Amino acid sequence: MKDVIVIGGGPSGLMATYAAAKSGASTLLIDKGSKLGRKLAISGGGRCNVTNRKPIDELIQFIPGNGRFLYSALAQFDNQSIIDLFTGFGIPLKEEDNGRMFPVTDKAQDVVNTLLRAIEDLGVEIRKKAEVKTLHFNEENEFHAVELMDGEMIEAKACVVAVGGQSVPHTGSTGDGYPWAEKAGHTITELFPTEVPIKLNDSFIGTKQLQGLSLRDVALTVHGKKGKAIKTHQGDMIFTHFGISGPIALRCSQYTIKERKRSKEQVVLMSLDFFPDTSRDALVQELWNQVQSQPKRAVKNVWKGYIPERLLDLLLEELAFGEEDASQLKKQSVIDFASRLKMFEMHAVGTLDFDKAFVTGGGVSVKEVAPQTMMSKKAPGLFFAGEVLDIHGYTGGYNITAAFTTGHCAGSHAAELATER
């Protein structure tokens, strides 16, 4: 009998395995795939954004899906602990924009190999291509054993479920852990793709007028009923053949999904502010000054270069002016144009699916998991780590921090429980 079984060889599973073995527990790592660390190897565009070094309170704000649940785990193993661990392993890290931490080599595989080496050095038994069918519990609903698809039963004193959610399914995250958690008596909150591109039904999508156009440092807002702003993110984005993508679109995606469900409306209003750091009145004055200084030029040419040409053409076409000389332009037309630059409306009709999402929203309810240990409140000896939990953050090192933190917490406490049993 093993002390601890960890199911799942992703970021949280590898960290849970390391923590359990480091704590002295005889540990078995089971994964249904032929290769461990697949999600880790493709994270951060193949460079592996191992954590984010923002202060803890700020870090939590970037994990809008139950981030506060992580305070206890972060008190035991935080983002600085992650940095220290990898630096100690001989993987020097570098800081990039917004606190993102990457290996100096820019190679995610270096991170994977280092973790695997550390696990092997601790004498962990690893079983790949071993698919778990279900978990078994005794009469007191305490974890008892793991049953594989071939019928083999493996008993252990504790088990960490770290099989991920449903996003990026080609890495093995196909929602396997949810039925096991339900068998133990857990609630699975509604699942949805997040950090995912958004689909729009605006006419410019059909005409492909803006397809491939990238915008820098703009503000994207999701609106609720009566146009009330729900959430705004400022940064970069891109128009695609189906809608919008890029950092701020991904961050806003979960709010469009939640608003569609809350309002029961098929379409959610979004808007773009192309000049978020300039007031509308200041923008009107700036545009009016340009018009007055070049009265003989066509309006379109006066404002050329002010915003991307395809966008300028679209806006002027909508407002039905642009070809006339600047001297003919009325002040109200400038006000209308500035208003569109400050609030360019778009209409979200959904998002792409889990296979295109970076993160899964929803999962094992955190109300039923002890935040200090990651152990189930329903089934003693059963622990959860990573994306199988109802925890989700923005891209930028936040989800992987949650995975490593919950993994380390679950692994170390599973080992502690196993020595007591």
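The values are calculated or read from the model by the stated rules, or taken from the named source; none is laboratory data. These figures come from a predicted structure and were not determined experimentally. Ideal geometry is used to build each Cβ from the backbone, glycine not excepted, and the neighbour counts take in all protein chains shown. Each accessible area value is taken on the protein alone, full model and side chains, heavy atoms only, with ligands, DNA and RNA left out. Shrake-Rupley method; radii C 1.70, N 1.55, O 1.52, S 1.80 Å.
Tabulate in residue order the Karplus-calculated ³J(HN,Hα) for segment 343-351, using 6.51 cos²θ - 1.76 cosθ + 1.60 with θ = phi - 60°, rounded to whole Hz; enter x for Gly and Pro.
So the Karplus estimates, Gly and Pro as x, are 8, 8, 6, 9, 10, 7, 10, x, 9 Hz.
Suppose the chain between Ala229 and Arg117 were pulled fully straight at 0.36 nm per residue; how much longer would it get relative to their current alpha carbon spacing?
Here the segment from Ala229 to Arg117 would lengthen by 35.5 nm.
Using only Cα atoms and rounding to the nearest 10 degrees, what angle (0 to 90) does helix 79-88 make with the longest principal axis of the chain?
Relative to the chain, helix 79-88 is tipped by roughly 60 degrees.
Treating the angle as unsigned and between 0 and 90°, give the value, to the nearest 10°, between the Cα long axis of helix 108-121 and the longest Cα principal axis of the chain.
Tilt of helix 108-121: around 10 degrees.
Sorted by accessible area with a 1.4 angstrom probe, largest first, how do His392, His241 fall?
Order by accessible area, largest first: His241, His392.
Consider the candidate values (1) 21.0, 63; (2) 25.3, 87; (3) 26.3, 81; state which one is Rg and Dmax of the Cα atoms in Å computed from the structure displayed.
Evaluating Rg and Dmax of the Cα atoms in Å on these atoms matches (2).
When the chain is fully extended, how far beyond the present Cα-Cα distance does Asp281 get from Lys107, taking 0.36 nm per residue of separation?
Going from the current span to full extension adds 57.9 nm.
Using modelled backbone amide H atoms (1.01 Å from N, in-plane), which distant-in-sequence or interchain residues come within less than 5 Å of Asn201's amide H?
When sequence neighbours closer than 5 places are left aside, the close amide H contacts are His347, Val349.
Rank Asp106, Asp31 by accessible area, highest first, at a 1.4 Å probe radius?
Greatest to least solvent exposure: Asp106, Asp31.
When N counts the residues of segment 197-352, how does its alpha-carbon radius of gyration compare numerically with 2.2 N^0.38 Å, as a ratio?
In units of the 2.2 N^0.38 Å rule of thumb, it is 1.08.
Could you rank Tyr306, Tyr178 by how accessible they are, 1.4 Å probe, largest area first? Each step should come with its number before you reach the end.
Details: Tyr306 45, Tyr178 15 Å².
Final ranking, largest accessible area leading: Tyr306, Tyr178.
Once you order the gyration tensor axes a ≥ b ≥ c over the Cα atoms, which shape class does segment 196-251 get: rounded for a/c under 1.5, otherwise prolate or oblate by comparing a/b with b/c? Could the numbers behind the result be given before it?
On the way: a/c = 2.12, a/b = 1.30, b/c = 1.63.
Because a/c hits 1.5 or more and a/b fails to exceed b/c, segment 196-251 counts as oblate.
Work out how much length Glu125 to Glu140 would gain on full extension: take 0.36 nm times their residue separation and subtract the Cα-Cα distance, in nm to one decimal.
Gain in length upon complete extension: 2.6 nm.
Trp303: accessible area at probe 1.4 Å, nearest 10 Å²?
The value for Trp303 is about 0 Å².
Considering the Cα trace of segment 1-148, what is its radius of gyration and what is Dmax, both in angstroms?
Reported Rg and Dmax, both Å: 16.6, 52.
Take the alpha carbon atoms of segment 164-190, find their center, do the same for segment 122-150, and report the distance between the two centers in whole angstrom.
Their Cα centres are 15 Å away from one another.
Carbon and sulfur atoms: what percent of the 1.4 Å accessible area of segment 257-356 do they account for? The partial results should precede the final answer.
Values: 2470 of 5310 Å².
Roughly 47 percent, rounded to a whole number.
Send over a whole-number figure in Å² for the accessible area per residue of segment 197-352, probe 1.4 Å. Mind dumping the intermediate values first?
Values: 7620 Å² over 156 residues.
Each residue of segment 197-352 exposes 49 Å² on average to a 1.4 Å probe.
Quick query: amide H of Val369 versus all other amide H atoms, modeled in the peptide plane; which residues come in under 5 Å with a sequence gap of 5 or more or a different chain?
Lys377
Using only Cα atoms and rounding to the nearest 10 degrees, what angle (0 to 90) does helix 11-22 make with the longest principal axis of the chain?
Long axis of 11-22 versus the principal axis of the chain: about 30 degrees.
Over the heavy atoms of Glu58, what accessible area does a 1.4 Å probe trace out, to the nearest 10 Å²?
We get 80 Å² for Glu58.
Probe 1.4 Å, all protein chains in place: accessible area of Ser263 in Å², nearest 10?
The accessible area comes out at roughly 20 Å².
So how far, in whole Å, is the C-alpha centre of segment 327-379 from the one of segment 1-35?
Answer, in whole Å: 34.
Classify segment 308-421 as rounded, prolate or oblate, taking a ≥ b ≥ c as the square roots of the eigenvalues of its Cα gyration tensor: rounded when a/c is under 1.5, otherwise prolate if a/b is larger than b/c and oblate if not.
Verdict is prolate for segment 308-421.
What residue among Val163, Val388, Val291 shows peak mean-square fluctuation when the chain is described by a Gaussian network model with Cα springs under 10 Å?
Val291
Have a look at Phe62, Phe102, Phe344 and tell me which one the Gaussian network model of the chain (Cα, springs below 10 Å) gives the largest fluctuation.
Comparing Phe62, Phe102, Phe344 in a Gaussian network model of the chain, the most mobile one is Phe344.
Report the relative contact order of the chain, percent, no decimals, based on alpha-carbon pairs under 8 angstrom and at least 6 residues apart.
Across the chain, relative contact order equals 27 percent.
Just report the Cα centroid separation between segment 61-99 and segment 236-256, whole Å.
26 Å
Which residues in segment 280-306 place their backbone N less than 18 Å from a point set 7 Å from the Cα of Ser339 along the Cα-to-Cβ direction?
The answer is 280-288, whose backbone nitrogens lie closer than 18 Å to the label point.
Which part of segment 112-146 falls in the paramagnetic zone of Glu155, meaning amide N under 14 Å from the point 7 Å along Cα-to-beta-carbon?
So the set is 136-139, 143-146.
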